[in-house]
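Presented below is the structure to which this report refers.
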Amino acid sequence: MKPNIIVTILLLLSIATIRFGREALVANNLAALKTCVANQSPIGITKENPAYTHPIYYSTHPDLFVPLNQIKRDVDQEKGIFWLKKQIYPSDSLSTGSYVLSFDYLTYVNLTVIDAKGEIAYRRRSGLFRKRYELAPQDGRDHFVLNLKAGTPYTLLLRVKHSKGYTPVYNFHLQTELNYVKKKQRSRIVHAFMEGAIIVLLLYMALAWMVSRYRPYIWIFLFLLSIGMYSVALQNFFVDFFFYNRPQLGWSTVSLFSRFAAISFYLLTIDFLQLRKLHTRYYKVACYIIAAIGLTALFTFVNNFYFVNYKQSNWVNITLGIIHMLYFSNLFISLWKKIDLMQRFLAYGSVFFVTGITAMVYCALTLQEQAIQYVSMLTQFFALCITMLLLIGIRLKLRKNELDYHRSTESIVLERTTELKKANNALYEQQIQLLQKNRYIETLIDEVNHRVKNNLQLLYSLGSLYKTGENHGVQHHRAIQSMQDRIHAMMLVNQLLVYNQNSQLKLKALVIETVDYLRQMHDPEKTVSINVDIEQDWFISTNTSIPLALIITELLTNSYKYAFPKGSISEPVISLRIVKQRFVTTMHVADNGVGAAEAVLSTSFGIGLVKDLTRQIKGTVTILQERGFQYIFEFNNMI
């Protein structure tokens, strides 16, 4: 539904409500005239003499009373105490003996009922400022419940003290209890409907705020809650429930709720319109008005409670209402073109706000204190209309924010998608470059490995050719063989690395390959037993594998060459054991050969080479000569 249609419907509803409400008020006033005490027979009034306060005195002195319509309604009535006298004669047509004598807004009323014999039948007290325990259980603050006999004359004496600053209105109504209940029931049904609608909207706004966390919901919630509390506080049961024995304090707090409602509406206007950014001058004026509302709330409370001058407070309310009308009229006329469609709903709500204030100001000026009976329903009706308009505006605002968020999100997603495509293209190009570099590096590595292999193979072949050539003697032959063994150890490491395609190789495979080659070269007949014990197999790096292979080659070559001369050892054995512990790795190489002198150890090229290689891989070696040679190596877990 379009916003203009919604506003039109609410305006038509307001016009219809005002018209039907006016007709209902006219009908209600006509019905009230029939029950008004002043219409049945003349009612007399007199001012109380401080020396005589007993009802019998006034009942026996009819000459003190003058007709009510002849008394001057001046300031004196706003402060003095007056007695009213009325002769009543309940009709025989009434079906019940229970009657209700009701009145409006009088603060202190003492009722004395004198029967036909001149005796006091009832003495009751009532009034808005009476403490609850001073009232009879069946009476209220605005009525007495009487048991009267039909067809019997009674005299009503009413002692009235009105202390609110207004001229009292003596509109006493006498009717059957059934008719009174029917009249009150109609009013209560309307109030119950309005209050139920307010409660439903309050629950909706509380849930909406918890879901969306949109701050204007808080201001509308406080506005509607304050209006609801204001309407409830105007009812007698509010004072009876919360201010049982301090009714004057209860009636003084009523105006505070209307002030809270006004402050909430101004805060909503500031927040929803972003008034601080939109128009600084109107924002400052709104802040000043909020401060003025707070000060007037304090003033009216003190004035009502301590000075009991509700009339003066009413003029303050009228002045403040005129300020509200002027501010919101100028605000939305000036800013109409600057605000969007959603914010204009606040303007529509302000129209109802101003209309409601205008209606209440008019009632206050024309009806004075009697306007209270219409204020409650007016505030509830206009508050509901304002709230519905504001909720529509907020919903549209949230919807617009949601759509804007989705649009911005989509644009961000598109931007991110474009950036990701560019990044993927760049990564793809880099990947191609890396693949090309990897292929180039692999080609270089293969070439290097091939050349290393060829060079080592060439050196090895040259040694073999040298051995098969001219007769160079045993010493030269052994030197060449040692060189070939070392070259073969390096060839083996290179071969295993190329095979594994990694910078690491397994220790066990390296040791077994080295041992098998050396046995094949030096002991093809396998006369020497070799025991290899590696408890745990693991990977070792290139920096460790070549020196370790050379150490094992050098030690086993020495054992084969020098440890077992022919016929010297019956069961020659070479053992190699590697144990890896938590912080250290131990390698133990031993043979049960003939050993050698200390001088030989100090001058041996092979032993010196072993020590240098051990230092290279950060290890230590210990050489023992008991029953052959024993070599104990300790490495800091480098292998």
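Taken together, the values in this text are just the output of simple stated rules run on the coordinates, not laboratory data. All of these numbers come straight from a predicted model, not from anything done at the bench. Glycine gets a Cβ as well: all are built from the backbone with ideal geometry, and neighbour counts include every protein chain shown.
Using equal-weight Cα scatterers in the Debye expression, the normalised intensity of segment 506-635 in log10 at q = 0.09, 0.13, 0.15, 0.18 Å⁻¹ is -0.24, -0.52, -0.69, -1.02. On the beta carbon distance between residue 242 and residue 52, with R0 = 51 Å, the FRET formula returns roughly 0.85. Straight-line cross-link partners of residue 284 among the lysines, defined as a Cα under 22 Å from its Cα and at least 8 positions apart when in the same chain: 337, 338. Per the Debye formula on identical point scatterers at the alpha carbon atoms of segment 36-171, with no solvent, log10 I(q)/I(0) at q = 0.15, 0.16, 0.20 Å⁻¹ is -0.73, -0.84, -1.34.
Along the Cα-to-Cβ line of residue 374, 7 Å from the Cα, sits a label point; which residues in segment 171-198 have backbone N less than 19 Å from it? Under 19 Å, as judged by backbone N against the label point of residue 374, lie 171, 187-188, 190-191 of segment 171-198. Past 21 Å, Cα to Cα, is the threshold; run 86/184; 400/422; 580/618; 277/400 against it and keep the listed order. Beyond 21 Å between Cα atoms: 86/184; 400/422. When you count the other C-beta atoms within 10 angstrom of each residue and take the mean per peptide, 244-250, 417-423 line up highest first as 244-250, 417-423.
Take 335-342, 286-293, 167-174 and order them by the average number of nearby Cβ atoms within 10 Å per residue, most first; the result is 167-174, 286-293, 335-342.
Backbone N atoms of segment 206-226 closer than 18 Å to the 7 Å Cα→Cβ label point of residue 406 belong to residues 212. Rg/Rh for segment 196-397 (Cα atoms only, Rh after Kirkwood) is 0.97. The calculated FRET efficiency for the pair residue 195 and residue 362, based on their C-beta separation and a Förster distance of 25 Å, comes to about 0.55. Model label points for residue 444 and residue 586, set 7 angstrom from Cα along the Cα-to-Cβ axis, are 4.5 nm apart.
Please arrange 279, 143, 61, 54 by counting, for each residue, the other beta carbons lying within 10 Å of its beta carbon, fewest first.
Exposure proxy ranking, most exposed first: 54, 61, 279, 143.
When 239, 181 are sorted by how many other C-beta atoms sit within 10 angstrom of their C-beta, beginning with the fewest, the order is 181, 239.
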